[in-house]
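Remarks on the structure that follows.
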Amino acid sequence: MSGTSSGLTPPADAVAPVRHPDAPAPGEPLGAHYGQCFGCGGEQPHGLRLEARAGDGVSVTAEFTVRPAHQGAPGLAHGGVLATALDETLGSLNWLLRTIAVTGRLETDFVRPVPVGTVLYLDAEVTAVAGRKIYSRATGRIGGPEGPVAVRAEALFIEVKVDHFTEHGRPQEIRAAMDDPDQLRRVRAFEVNP
Ligand SMILES: CCCCCCCCCCCCCC(=O)SCCNC(=O)CCNC(=O)[C@H](O)C(C)(C)COP(=O)(O)OP(=O)(O)OC[C@H]1O[C@@H](n2cnc3c(N)ncnc32)[C@H](O)[C@@H]1OP(=O)(O)O
């Protein structure tokens with residue numbers, strides 16, 4: 001059973017999303033936005049290390065391999081970890097809009113259990129934009145990119161300025177991210193929507 005709550009229904013004045021002209025080409029890896037990110041960072045030993053690629057329009061695909069550190073029930077992925085994979089994939093869409101945004105609402109359907117060792121094949125797209133509100137949806141499949149659906153989500157991201165992070169985050173991590181020698185990650189983390 002699934003349904004969309006009213007907070008996830010775009011308003012009448014919502015418009016179709018517009019891919020930024022400098023967005024990575026379809027098929028190009030997006031890389032991590034922050035090395036310590038639990039979703040995509042390569043420096044988090046137990047993180048998901050989710051790898052996303054740009055798709056057509058404002059869409060992405062991503063893959064995440066469930067490891068023993070991600071268990072809930074014995075041998076099965078924790079639901080919160082699967083929600084994180086969806087959240088991270090959905091969050092990476094904002095890079096194609098060149099907008100910094102955070103998750104306001106995330107609704108998840110867990111359709112099938114996902115065993116340890118499984119690759120979760122995710123795809124996500126922005127469906128509408130209304131001012132600062134970005135509406136999107138994602139699907140995670142197992143057994144291959146065309147395999148059966150295991151999880152799906154709908155989300156609302158809210159555009160924020162970089163101050164959101166400098167005001168609420170811890171100074172030492174902000175400073176470390178600003179000093180990141182990886183220029184692409186720095187730009188991705190700190191470029192304010194033009
Ligand atoms: C160092 C820099 C690093 C940067 C790296 C990139 C980051 C990538 C991170 C990737 C990690 C993965 C991603 C992550 O995990 S991001 C981490 C998880 N998310 C958060 O921590 C967000 C926490 N929440 C907030 O900070 C605020 O609540 C936000 C900023 C979201 C809104 O507070 P703000 O005061 O700004 O705005 P507003 O309250 O006037 O609302 C504006 C509009 O939005 C509507 N609305 C709001 N909430 C909801 C809701 N729940 N359902 C339905 N609607 C909602 C609201 O009705 C209004 O609509 P309207 O009245 O205009 O019609």
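What follows draws every value from the coordinates through simple rules; no lab data is involved. Since this is a predicted model, take the numbers as computed values, not measurements. Note that each Cβ is placed from the backbone with ideal geometry, even for glycine, and that neighbours are counted across all protein chains shown.
Charge dipole (Cα centre; +1 on Lys/Arg Cβ, -1 on Asp/Glu Cβ; no other charges) of the chain amounts to roughly 200 debye. For the range 15-187, the residue among Gln36, Thr89, Gly79 whose Cα projects farthest onto the positive side of the dipole built from Cβ charges is Gly79.
The coefficient of translational diffusion for the chain, derived via Stokes-Einstein from the alpha carbon Kirkwood radius under 25 °C and 0.890 mPa s, stands at 144 µm²/s.
What's the longest uninterrupted piece of the chain once you rule out the trypsin sites (Lys or Arg not before Pro) that are loop residues per DSSP with at most 15 other Cβ within 10 Å?
Numbers: sites that count: Arg132, Lys161.
So the longest stretch without any such site is 1-131.
Shown in residue order for the range 97-113 are the 3J(HN,Hα) couplings computed by the Karplus curve 6.51 cos²θ - 1.76 cosθ + 1.60 at θ = phi - 60°: 8, 6, 10, 8, 8, 10, 6, x, 9, 9, 10, 10, 10, 9, 9, 9, x Hz (x for Gly and Pro).
Which of the GluC sites (Glu not before Pro) found in the range 22-101 are in a DSSP loop and have at most 13 neighbouring Cβ atoms, other than their own, within 10 Å? Can you show the working numbers first?
Values: sites: Glu43, Glu51, Glu63, Glu88; in loops: Glu43.
Listed in order of number, the matching sites are Glu43.
Modelled label positions at Val102 and Gln71, each set 7 Å beyond Cα in the direction of Cβ, lie 3.4 nm from each other. Other residues within the sphere of radius under 10 Å centred on the Cβ of Ala155, judged by their own Cβ, net out at -1 (K and R +1, D and E -1).
Given the -39500 (n - 2.57) contribution per DSSP H run of 4+ residues, what per-residue ellipticity at 222 nm results for the chain, rounded to the nearest 500 deg cm²/dmol? Don't jump to the answer; show the numbers that get you there.
Working: 4 runs with 41 residues, N = 194.
Rounded to the nearest 500, it is -6500 deg cm²/dmol.
Sorted ascending by nearby beta carbons within 10 Å, beginning with the fewest, His164, His33 become His164, His33. Computed over every Cα-Cα pair of the range 95-194 and binned at 10 Å starting from 0, the pair-distance distribution P(r) comes out as 14, 33, 30, 22, 1 percent.
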